[in-house]
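Written out below as structure tokens is the structure these notes cover.
The values are calculated or read from the model by the stated rules, or taken from the named source; none is laboratory data. Please read all numbers here as calculations on a predicted model, not as lab measurements. Don't worry about glycine lacking a Cβ; one is built from the backbone with ideal geometry, like all the others, and counts go over all protein chains shown.
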Amino acid sequence: MALVEVKVPDIGDFDEVAVIELLVKVGDTVKAEQSLITVESDKASMEIPSSTAGVVKELRIKLGDKVKQGSVVLVVEAAAGAAVASTPAAVVPATPGTVPAATAAVALATPVSATGLIEVRIPNIGDFTDVAVIEVFVKPGDTIKVEQSIITIESDKASMEIPSSHAGMLKELKVKVGDKVNIGDLMAILEGSLSAAVVAAPVAVATSAVATSASSASVAIASPVAMAAPIAGATAFAAVVAPAHAPGEPTLGLPHASPSVRKFARELGVPLEELKGSGHKGRITQDDVQTFTKSVMAGATQTKAQTAKVSASAGAAGDGGAGLGLIPWPKVDFAKFGPIERKEMGRIKKISGANLLRNAIMIPAVTNHDDCDITDLEAFRVSTNLETEKAAKAGNIASVKVTMLAFLIKACVAALKKYPEFNSSLDGDALVYKNYWHIGFAADTPNGLMVPVIRDCDKKGILQISQEMGELAKKARDGKLGPAEMTGATFTISSLGGIGGKYFTPIINAPEVAILGVCKSTMEPVWNGKEFVPRLMLPLSLTWDHRVIDGAAAARFNAYLGQILGDFRRVLL
Ligand code: CAO
């Protein structure tokens, strides 16, 4: 098979550009047109694609190298039958002061009205169509200079700023972020004068720059950007103006990342400006985007938008409650009334606080309180513990302590199976029913509240659940729980039974739709139809999302739970 040198194609007027990203390594199989490296000048960044398909045998460049048209990027062992264009077709030679054939046809007229209104249009961007506007730098009322960047547009291969061809006051912006633009589209209307108009952009189509005629008062503007289309597997950029994002020196708020990485981030909804790049000169790589996404999914990171949403709606930090139209949070100088000590809240408290606040505010939650008779179950629990203790002492099984919570988990699984909407989540207008029963339990730790998750509780017995609960609770208290051990719950139980209290109103752990709060069981006189008898009563508090669950269903759920806990044999039914 043939070894083919893949070279830098025509990159327009750029003499030497720095290699800022290597997108492949030796041994990789590349397709024709797959991006190999990213290069960046002070005017634009662009990806250089492969002209042929095959396996990378040798890299001839490294990060930081300067390359120009014809520089060998790498050597590929071409796949049999692969189309090889070792010297990619050069496109649109854009020599300043000349009119490239491909661009001359699209020199754009800019009508200037009698009132001095100037239409600024998207110049020649080569063969690209429907290129997305990703940033707008100006607003109506701004005074615009010639060549001042108005917007940034981005294809999947390049990003670039589009400057104004004229000076003047911005009357109207005709594009917004997310719009797709094409050559000739109206970008902005300026109020200016002809004297302020038209200076050819640095590498533009100078010969067609000014062509005013008294009768039409029209101005043919220079074509500041000519972005050539990929030809024969090579992408070349005839002339690109204005720095999009120079290495190590992000301009105008654009994050320092290649177009494809930014496209990838956009698809995932990742705010690039919140990432720290691990690439050359702090450049954000695809790996950085993936790592950030995983961290957000695991709940270990919150985007600023997530935090702001919570703060704004809750008035916790940001706007002091203005987001909800509330009066501001009271600001009190406590020291005026006595000695104080100020301590920053820990990380876990801050994170769980923000989540609790969102859940408390966004979920129309209702709590049902109920009591259930666990006299027989408690007797069974005590005898089970005695037996397991004996067996453990005899060395037959590992020692495991069974608390009421393990029975509650098992009983809840049975109730969740009978009333599946309690094991669901809201997804827009749809309900997602989960055919797995992972139960979270609130654990009180020195650092704050944590919710470890026991998976597949439907498949586990009381002893195994008790053992896993003990291990997870210990990990939580030691601060050793991993993100995977705190995610995926379908329902949560918060038990204060070991501490005390009667009832409380637990907050639903979104995106779950219900949570069971449990307090301390107490001996109470219960009327059996003939007399009062002492029974061990367990207080239950079920909070549920009224968007998903109705009050009657909640009452049935609690009643069924009570029946199971009253006679645990029902779990088997
Ligand atoms: N009624 C009466 N006694 C109960 C009980 C109940 N409902 N639940 C537990 N107990 C008893 C246990 O049997 C145990 O008794 P012994 O010491 O005599 O053996 C004692 O209370 C302590 O139990 P425990 O709390 O160690 O064990 P647990 O399985 O009940 O709970 C855990 C484990 C991790 C959930 C718990 O330790 C915990 O952290 N609870 C706090 C949860 C919380 O903070 N919720 C609030 C969230 S909203 O802010």
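Remarks
- Evaluating Phe407 against the criteria (1) touching a strand residue (DSSP E or B) at 6+ places or on another chain (Cβ under 7 Å); (2) in contact (Cβ under 8 Å) with a residue 60 or more places away in the chain leaves one unmet condition, (1).
- Glu344 fulfils the conditions (1) closer than 27 Å to Leu538 by Cβ; (2) within 34 Å of the chain's Cα centre (by Cα) except for a single criterion, (1).
- Hey, Ala167 small (Gly, Ala, Ser) and surrounded by fewer than 21 Cβ atoms within 10 Å (Cβ to Cβ) or not: yes
- Options Lys460, Lys475: the member that is more than 14 Å from the ligand (Cβ to nearest atom) and without any contact (Cβ under 8 Å) to a residue 60 or more places away in the chain: Lys460
- Looking across the range 520-532, the residues that are surrounded by 10 or more Cβ atoms within 10 Å (Cβ to Cβ) and away from the ligand (no atom under 16 Å from the Cβ) come down to Pro525, Val526, Phe532.
- Any hit, the range 423-437, residues being over 15 Å from Glu512 (Cβ atoms) and more than 33 Å from the chain's Cα centre (by Cα): no
- Residues of the range 417-431 that are touching a strand residue (DSSP E or B) at 6+ places or on another chain (Cβ under 6 Å) and of a type outside the set (S, T, N, Q): Pro420, Phe422, Leu431.
- Residue match in the range 84-104 (condition: of a type in the set (Ser, Thr, Tyr), modelled with pLDDT of 85 or more and more than 35 Å from the chain's Cα centre (by Cα)): no
- Condition met for Ala559 (of a type in the set (A, V, I, L, M, F, W, C), more than 11 Å from the ligand (Cβ to nearest atom), farther than 28 Å from Val382 by Cα and in a helix (DSSP H, G or I)): no
- Which listed residue is crowded, with 16+ Cβ neighbours inside 10 Å, within 12 Å of the ligand (Cβ to nearest atom) and either outside any strand (DSSP E or B) or not aromatic (Phe, Trp, Tyr) (or both), from Gly517, Gly500: Gly517
- If you go through the range 463-472 and keep only what is within 9 Å of the ligand (Cβ to nearest atom), surrounded by 19 or more Cβ atoms within 10 Å (Cβ to Cβ) and more than 29 Å from the chain's Cα centre (by Cα), you end up with Ser466, Met469.
- Among the residues listed as Ala392, Ala360, the single one being among the small types (Gly, Ala, Ser), part of a helix (DSSP H, G or I) and touching a Ser or Thr at 6+ places or on another chain (Cβ under 6 Å): Ala392
- Applying the set (1) of a type outside the set (Phe, Trp, Tyr); (2) surrounded by fewer than 22 Cβ atoms within 10 Å (Cβ to Cβ); (3) more than 28 Å from Gly461 (Cα to Cα) to Asp545 leaves exactly one unmet item: (2).
- Among the residues examined, Lys480 does not qualify as within 14 Å of the ligand (Cβ to nearest atom), over 22 Å from Val402 (Cβ atoms) and at pLDDT below 95.
- Checked against the criteria, Lys390 does not count as closer than 24 Å to Thr522 by Cα and of a type in the set (D, E, K, R).
Residue by residue, here is whether (1) closer than 18 Å to Gly440 by Cα; (2) out of contact with any strand residue (DSSP E or B) (no Cβ under 6 Å at 6 or more places or on another chain) holds:
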site	(1), (2)
Gln464	yes, yes
Met469	yes, yes
Ser494	yes, no
Ala510	yes, yes
Pro525	no, no
Ile564	no, yes
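- Meets criteria (farther than 30 Å from Leu23 by Cβ, surrounded by fewer than 17 Cβ atoms within 10 Å (Cβ to Cβ) and not small (Gly, Ala, Ser)) for Lys180: no
- Any hit, the range 486-494, residues being away from the ligand (no atom under 16 Å from the Cβ), touching a Phe, Trp or Tyr at 6+ places or on another chain (Cβ under 7 Å), in contact (Cβ under 8 Å) with a residue 24 or more places away in the chain and hydroxyl-bearing (Ser, Thr, Tyr): yes
- Ile48 being crowded, with 17+ Cβ neighbours inside 10 Å and either of a type in the set (Lys, Arg) or more than 22 Å from Gly279 (Cα to Cα) (or both): no
- With respect to (1) under 23 Å from Thr285 (Cα atoms); (2) surrounded by fewer than 15 Cβ atoms within 10 Å (Cβ to Cβ), the lone exception for Asp15 is condition (1).
- Evaluated against (1) buried (at least 19 other Cβ atoms within 10 Å of the Cβ); (2) modelled with pLDDT under 60, Pro259 falls short on exactly one condition, (2).
- Cβ-Cβ contacts under 9 Å between residues 6 or more apart (or on different chains), taken from a first residue in the range 495-516 that is of a type in the set (Lys, Arg) to a second residue that is within 7 Å of the ligand (Cβ to nearest atom), are listed as Lys502/Cys519; Lys502/Lys520.
- Here the range 443-457 is the region considered, the condition is being outside any helix (DSSP H, G or I) and away from the ligand (no atom under 13 Å from the Cβ), and the residue that is surrounded by the most Cβ atoms within 10 Å (Cβ to Cβ) is Arg455.
- Residue in the range 132-140 that is in contact with a helix residue (DSSP H, G or I) (Cβ under 6 Å, 6 or more places away or on another chain) and at pLDDT 75 or above present: no
- Some residue of the range 389-402 being surrounded by 17 or more Cβ atoms within 10 Å (Cβ to Cβ), touching a Lys or Arg at 6+ places or on another chain (Cβ under 8 Å), within 30 Å of Asn435 (Cβ to Cβ) and not aromatic (Phe, Trp, Tyr): yes
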